Every structure is written in C-alpha cells, then in structure tokens.
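Below is one structure, written out as structure tokens; comments come after it.
What follows is calculated from the coordinates using simple rules that are stated; it is not laboratory data. On a predicted model such as this, the values are computed, not experimentally measured, just so you know. When we count neighbours, we look across all protein chains shown, and the Cβ atoms used for this are built from the backbone with ideal geometry, even at glycine.
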Amino acid sequence: MRYYSTNGRAPLASLRKAVVKGLAEDRGLYMPERILPVPEEIFRSKSFTEVSMAVADAFFGEDIPAGELRRIVEETLSFDCPLVEVEPGIYALELFHGPTLAFKDVGARFMARLLRHFTAGTEEIHVLVATSGDTGSAVANGFLGVEGIHVSVLYPKGKVSPIQECQFTTLGRNITALEIDGTFDDCQALVKAAFMDEELNGAMRLTSANSINVARFLPQAFYYFWACAQLGGRGNVVCSVPSGNFGNLCSALFGKRMGLPVKRFIAANNANCVFLDFLKTGEYRPRPSVQTIANAMDVGDPSNFARIWDLYGHDPDAIRADISGASYSDAQIAWTIRDCFARTGYLLDPHGACGYRALKEGLREGETGFFCETAHPAKFKDTVEGIIGKPVSIPDRLAAFMQGEKQAVGLPRDFSSFKRYLLSGAAP
Ligand SMILES: *Cc1c(COP(=O)(O)O)cnc(C)c1O
C-alpha cells in the first residue's frame, strides 16, 4: 500500500516512510491510496483480536508479514473495549480499559510496535513528544519497554494535573520525562526546533509520535468494528464520537468505507465548535481554542479535518450526508453528567458526556446508538466529583501510577539547553 499527502505535492510514500516520518514533505497528512473492504463474517466473531486482525490485514497486510502483524495486534490489544448498555437503545463503547485509561492507548501501543518492526536492528530511535497531559501518558506507556526506542516526554512545569503527570514521570526504563520551565507551546516549539536542527538529526534518529501518524489513527478503526460485532448485526446503527483533533472520528469514517455497518455519525464537540460551524456554513474557519472541562477536545484547528475533507472529495454535502454535529458548553456537560448518573447510575467523563448527549438528542425512532466513552471519569476526578457531589473511586492501575516515584529532568525553555541535553547522551 502506498500513502499520498492531503496536500498533493509530496511523492507517494511506503507505509514504513509514512510511519517513520509522520508528516509528508509538503506538510500534508498521509492517506492510504486504497481502502479495502473487510469480510462480512467478522461481524459474527466473538473475539476482539480476530475482528481487529481482519481490519489490520486490510490496512497493513500488504506491508507486514501476517505472523508479525498478528503479534503486533495481540500485543496492542491487551485490554478489551466492551459495549455497555447505559439505557435502552444507547450503549457506551468503553475505550478506557487500557494502561492510561483513555482511547489513545490503542493507537499509541500499535504505533510503538509498528515503529519497532520497521526499525528493529538499526540504530536507536529517539521519539520526542510534547504534551499538555493525555498524549504524553498514552505515548510513554505505549512505548514502555519497547526495545531500541527511547522516548522523551516534554511537559510544562506546573501546568499538568498530578494524575496526568504521574502517568509519564514514574515509568523509568526507556522513558524520560522533561519538565520544561514554560508553557505547552514552548514544549511544542522545542520539539519542532529539534526536528529542524541539522546537527541533532545528524547525531541521532529523531521521530515524533504525533497523533496524525497513520500508525496511530488507522488502528482506532479496530474498536468500531468490534462495537458492531458486539451489537450482533443490528441495523440502523448511529455512532457518536467526542471529537477534538478528529483522529478518532476519522478512523471510524475509514471504517465505513471498509464496510462498517454504521448508518451515520455524530461529531460531538465541547465549546470548540469549528466543525459544527463548518457543517452549517460549508466553510472551514479555524480559530484559537477555548478552555473547557473536556480539555482533551480543546482544539480550534483540528488537524484531521484535512483527512475528512480529502476522504469526501472536498464536498460539504457529502460530509453532511454521513456526519452531523453538536456542541456543548461546560454547564451543559456538567448537567449531562449529573442527569445521566442520577437516572441510570452510569458515570460519564466530561468528553464521553458530549458524545452521550449528542446521541441522546440525535437518535431517531428505530435507531440503535453507541457513543465512545473516551476516558475513565477518574482521570478527571476533581471535575467529576465537583459535579456529582460524590467521591469517584480510582481504578487500581491509576492508583499504582500515583504511588510511583516521580523522576523528571528539569530544563529551561531555551532550545540550546534542550539540544545540549540531547547531545550529552544523558538520554540513552
Ligand atoms: C484525545 C481525546 C479526545 C479527542 O479525540 P480526537 O481524536 O482528537 O478527536 C476525546 N476524549 C479524550 C478523553 C481524549 O483524550
């Protein structure tokens, strides 16, 4: 399979190149040249791994030997993504049973193993990732213990919640946390500057684990097929996806092209509603993000819009035929968490709450719906406890992180200090 750039001015790339480089030369996002159908019998399967193998084979089968691909899929899916009924006709696809309790675990674990497959036996790879919280923990845990790859997580000092911080500062082994005396934007600027620096790139093999990488976003289609298999071939299925950078929804849309039996999708946003405005006007107008209590969706210029735009042939009406939108304020999110918990006993996190509400408001007669519950509510303990007025218990695997010892290297925010640190070999 070859990959083209959404900007159309870069040469076609192999899977290997698309994974190792992340972004095309023309700054566009890579797209698979063809989308292959998956066999219909997978919807009768009772195994998440078998369903996922069929999907993985369609995406990656031409480029990775079957046995190796199976090993990568099996190692990635060390946890289930169960479909849980919240109320009649409405199901939660729980994507928070992985190591860091959020859906990004799936993509990060798959990418780590695919990168190792392509680079094993060559020199050590150094992954740089800037985080405002969730991405760092998913990437760090996804790459933990993967041979031949070292990860440096750059995060802004004092601007990440203690629950988030402990998920990447307590790991040790091949993961180094770099506590930068600056903002998230400073962290991101340092990573970008490192990729541009000739001397650094001559001395070490640097790569990014950005969410736009095809190895992170395509495998997310696995759990959409698994959701439909769990629904047992029921028709008239609607799927609602809490969206920020639109990687998660985008993988579902690829799924639809491969035969995922979902009739239509809802993109559920917080107050950052660039996509909803696009659906209304047909014009895409990015703007600065605003801060909300569903902060992993605080995105004002979603990168994966370029993929959706390309997938639907630059036609707003074609997009509208498959996807509708919704947007909720913090007050509406809080009300939804409280209301759903009081009526059903199901505790939503602030992101899943957007997905649930959009589904509940948008579901029509005769339809069955599921929404992605993208994170465990305990990840947003203070917010959720403040809303429901009750303590939220912390799952064991999250509590284990909180007991670990914090190890971080403090650095100022200037590039020369960061570069000196990388070249010193202090990070193996
Ligand atoms: C990243 C994230 C999202 C948004 O997903 P996108 O793929 O960026 O649209 C939603 N919920 C949670 C909990 C997240 O961590």
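Each Lys and Arg adds +1 at its Cβ and each Asp and Glu adds -1 at its Cβ; summed about the Cα centre, the chain shows a dipole of about 180 debye. Take the Cα of Val84, step 7 Å toward its Cβ, do the same at Leu279, and the gap between the two points is 2.6 nm.
The order of Thr281, Thr176, Thr374, going from fewest to most other C-beta atoms within 10 Å of their C-beta, is Thr281, Thr176, Thr374.
Were the residues from Lys263 through Arg16 laid out at 0.36 nm apart, the gain over their Cα-Cα distance would be 85.6 nm.
The ranking of His150, His314 by Cβ neighbour count inside 10 Å, starting from the fewest, reads His314, His150. As a proxy for reagent exposure, ranking Ser137, Ser161, Ser324 by other Cβ atoms within 10 Å from fewest up yields Ser161, Ser324, Ser137. Hey, how many Å between the Cα centroid of segment 170-218 and the Cα centroid of segment 388-428? When both Cα centres are located, 14 Å separates them. Panel note: the C-alpha atoms of the chain, placed on their principal axes, show extents of 63, 50, 42 Å (largest first).
If the chain linking Glu361 and Arg420 were pulled fully straight, counting 0.36 nm for each residue of separation and taking away their Cα-Cα distance, it would gain 15.8 nm.
Reducing segment 77-143 and segment 245-304 to their Cα centroids gives an inter-centroid distance of 20 Å. For segment 22-155, the Kirkwood radius over C-alpha pairs fed into Stokes-Einstein at 10 °C and 1.306 mPa s yields D = 95 µm² per second. With the simple model of a label 7 Å out from the Cα in the direction of the Cβ, Glu385 to Thr49 spans 3.8 nm.
Placing +1 on each Lys and Arg Cβ and -1 on each Asp and Glu Cβ, with no other charges, gives segment 143-243 a dipole about its Cα centre of roughly 560 debye. Using the Cβ of Glu75 as centre and a radius below 9 Å, the other residues enclosed give a net charge of +2, where K and R count +1 and D and E count -1.
Model label sites at Asn236 and His97, defined 7 Å from Cα along the beta-carbon direction, differ in position by 2.9 nm. Peptides 396-409, 184-197 ranked from most to least packed, by the mean per-residue count of other Cβ atoms within 10 Å: 184-197, 396-409. Summary of the geometry: segment 368-383 and segment 20-44, compared by the centres of their Cα atoms, lie 27 Å apart. Taking a sphere under 10 Å around the Cβ of Val146 and counting the other residues whose Cβ falls inside, with K and R at +1 and D and E at -1, yields a net charge of +2.
Stretched out straight at 0.36 nm per residue, the stretch from Lys192 to Arg173 would grow longer than its current Cα-Cα span by 4.4 nm.
With helices as the sole contributors, the chain gives -12500 deg cm²/dmol at 222 nm; each DSSP H run of n ≥ 4 counts as -39500 (n - 2.57), and the sum is divided by every residue.
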